[in-house]
Amino acid sequence: MLYNRVTEEIIRELAVIAGARNVLLDPAKLEAYSHDETSKEEYAHMPEVVVTPESTVAVAAIVKLANRAHIPITPRGAGSGLSGGAIPVFGGIVISLEKMNHVREIDYENLTMTVETGIVTNEINNLVKDKGLFYAGYPMSLETCMLGGNIAENAGGGKAIKYGVTSRYILGLEFVTPAGDIVWLGGKLAKDVTGYDLVHLIVGSEGTLGIATAAIIKLIGLPAAKSDLLVLFRSPQEAISCVPVILSKGLIPTAIEFMDRRSVETSCAYLNENLPYAQCGAMLLIEMDGRDPALVESEAEAVGDLCMEQGAIEVYVADNRTTQERLWAIRRNIAEAFKVYCPVQSLEDIVVPPASIPAVIPELDRIAAQFGITIPCYGHAGDGNLHATLVKDPEMSMEDWHRIEPQALEALYEAISKLGGKISGEHGIGLKRKEYMKRFMSPVELELLKAIKRAWDPNLIMNPGKMFDLENGIG
């Protein structure tokens, strides 16, 4: 079963649907849509055409055309993903929602906002913060990512331990099916068991079941106070072992971010920053927030005392915005810093049950030693989601790297599976990890996913080449 090419006739029809200015054919412009934040050399594929529609009606018409002509479609937001989910593996049409970024409604009575999914996630909070509200489901990259990509990946972030991930805040969706039909699912409801929960089937489906063009999102009260603790430990094992202890005491931090020494040093060098890590093997960046400043301060102090009891070297309190931003900038820029150190790497986001967090570090040490590579580790320790990054040594040949990387990845995924974990907590499967799905997911579970895909998208045009392979070789 093969896809058809985009013909001159198809291009003319696309121009009629979306407007000629919204149909991109220049190879120099198409190149930007050929990759996301994964390795360009390894995963990039050029689209045949990119369309930037400005309405849901236009999106639906494009999908109907592609379904009729049997041309693959790749939905795309900001292209900031880390799994290859927005890469047009089979060429075809990229539908970029970048121009669908409008706010349709802010409903303060129901504490909801209805927005098009091309909106940059951070813009949502900028619009409602003066009313004492915020959208809590955002990931770490909130200043660059778009809501549609967050929905496709069910994105999480540093605050997920307290506030949860994207799915908790998506109440309704305007959705274009692979047949080009437009449907509204869900609504401004706190509870709804009227039929299958299709909204949350779509959230996290990585654009393989259709295109979400608008969403009703839940808003909550903005915390009045917060306090950040930077906690230094002698070793990564001591730091990571402290996390389940904190959680078991009934204290609920907003975030518990883990950073090993290599990650901190690399990010500080990148930012020309300074942290007191001379005697330190790893750090925890812990945030507490709430409505009552006195209670936040008290709970932050209790967490700090608990960390000291568990062997911390020192606890630094950042209770003003300038210092807090300095600390979080170091955490947010670790990935960028390692790209400067060596752009050839495999950024992973393994996830394990909270009780298994301390067992992860010895496994990473073992795998790094076995394959002679560096695996710096950082991430959202509070919810068991860690970014263990396989980084190529600058002196290592590409031939050796290509030989070692898949072996090291398989060893990593197998170790995590034995700990009751999964191969992705927030970045998704996409193109990058699909070959490992059949090894770390039961055949029955995998077949259920495939059956849903076939039922919703019988012509297999919607974001093919992602998540898993189907028997006919497409998808």
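The values are calculated or read from the model by the stated rules, or taken from the named source; none is laboratory data. No experiment lies behind these values; they were computed from the predicted model shown. With ideal geometry, Cβ positions are generated from the backbone for all residues, glycine too; neighbour counts draw on all protein chains shown. For the accessible areas, the whole protein counts, side chains as well, though only heavy atoms, and no ligand, DNA or RNA atoms are used. Shrake-Rupley method; radii C 1.70, N 1.55, O 1.52, S 1.80 Å.
Points to keep in mind about this one:
- The residues of the range 156-174 that are under 25 Å from residue 287 (Cα atoms), of a type in the set (A, V, I, L, M, F, W, C) and open to solvent by less than 10 Å² (accessible area, probe 1.4 Å) amount to a single one, 170.
- Unmet criterion (only one of (1) over 21 Å from residue 214 (Cβ atoms); (2) open to solvent by 10 Å² or more (accessible area, probe 1.4 Å); (3) part of a loop (DSSP other than H, G, I, E, B); (4) at pLDDT 95 or above) for residue 82: (4)
- Verdict on residue 359 being open to solvent by 20 Å² or more (accessible area, probe 1.4 Å), more than 30 Å from residue 74 (Cβ to Cβ), at pLDDT 90 or above and part of a helix (DSSP H, G or I): yes
- Checking 309, 325 one by one, the residue that is out of contact with any helix residue (DSSP H, G or I) (no Cβ under 7 Å at 6 or more places or on another chain), open to solvent by 20 Å² or more (accessible area, probe 1.4 Å) and over 29 Å from residue 272 (Cα atoms) is 309 and no other.
- The residue that is least open to solvent (accessible area, probe 1.4 Å), counting only those in the range 419-443 that are in contact with a Leu (Cβ under 7 Å, 6 or more places away or on another chain) and in a helix (DSSP H, G or I), is 437.
- Summed over the range 1-27, residues that are open to solvent by less than 80 Å² (accessible area, probe 1.4 Å), part of a helix (DSSP H, G or I) and either within 30 Å of residue 335 (Cα to Cα) or not charged (D, E, K, R) (or both) total 8.
- Residues satisfying the stated conditions in the range 182-206, i.e. closer than 11 Å to residue 170 by Cα, in contact with a strand residue (DSSP E or B) (Cβ under 6 Å, 6 or more places away or on another chain) and without any contact (Cβ under 8 Å) to a residue 24 or more places away in the chain: 185
- In this entry, residue 98 passes the filter for residues that are touching a residue at least 24 places away in the same chain (Cβ under 8 Å), surrounded by fewer than 23 Cβ atoms within 10 Å (Cβ to Cβ) and under 19 Å from residue 150 (Cβ atoms).
- When restricted to residues that are of a type in the set (A, V, I, L, M), assigned to a helix (DSSP H, G or I) and crowded, with 16+ Cβ neighbours inside 10 Å, the range 272-299 contains 1.
- Residue 41 being under 31 Å from the mean Cα position of the chain (by Cα) and exposed (fewer than 13 other Cβ atoms within 10 Å of the Cβ): yes
- Filter result for residue 67 (assigned to a loop (DSSP other than H, G, I, E, B) and either of a type in the set (Gly, Ala, Ser) or modelled with pLDDT of 95 or more (or both)): no
- Single match in 247, 201 (criterion: open to solvent by 10 Å² or more (accessible area, probe 1.4 Å) and either closer than 30 Å to residue 60 by Cα or part of a loop (DSSP other than H, G, I, E, B) (or both)): 201
- Tally of residues being surrounded by 14 or more Cβ atoms within 10 Å (Cβ to Cβ) and either more than 16 Å from residue 90 (Cβ to Cβ) or not hydrophobic (A, V, I, L, M, F, W, C) (or both) across the range 455-475: 9
- Residues within the range 280-316 that are of a type in the set (A, V, I, L, M) and over 29 Å from the mean Cα position of the chain (by Cα), tallied: 8
- Condition broken by residue 105, with the remaining ones in (1) assigned to a strand (DSSP E or B); (2) in contact with a helix residue (DSSP H, G or I) (Cβ under 8 Å, 6 or more places away or on another chain) satisfied: (2)
- Residue in the range 139-147 that is touching a helix residue (DSSP H, G or I) at 6+ places or on another chain (Cβ under 9 Å), under 28 Å from residue 25 (Cα atoms), modelled with pLDDT of 95 or more and open to solvent by less than 50 Å² (accessible area, probe 1.4 Å) present: yes
- When the residues of the range 175-195 are filtered to those that are assigned to a loop (DSSP other than H, G, I, E, B) and open to solvent by less than 40 Å² (accessible area, probe 1.4 Å), the one that is farthest from residue 96 (Cα to Cα) is 187.
Here is a yes/no grid of residues against (1) touching a strand residue (DSSP E or B) at 6+ places or on another chain (Cβ under 6 Å); (2) touching a residue at least 60 places away in the same chain (Cβ under 8 Å):
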| residue | (1), (2) |
| --- | --- |
| 27 | no, no |
| 46 | no, no |
| 63 | yes, yes |
| 78 | yes, yes |
| 84 | no, yes |
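- The set of residues in the range 101-138 being of a type in the set (Phe, Trp, Tyr), over 18 Å from the mean Cα position of the chain (by Cα) and crowded, with 17+ Cβ neighbours inside 10 Å consists of 134 alone.
- A search for C-beta distances below 7 Å between a residue of the range 290-319 that is in contact (Cβ under 8 Å) with a residue 24 or more places away in the chain and any residue that is of a type in the set (Phe, Trp, Tyr), counting only pairs 6+ apart in sequence or on different chains, returns 311/233; 312/233; 313/233.
- Test: residue in the range 387-404 that is free of Cβ contacts under 8 Å to residues at least 12 places away in the same chain, open to solvent by 60 Å² or more (accessible area, probe 1.4 Å) and part of a loop (DSSP other than H, G, I, E, B): yes
- Residue 229 open to solvent by less than 40 Å² (accessible area, probe 1.4 Å), of a type in the set (A, V, I, L, M) and modelled with pLDDT under 95: no
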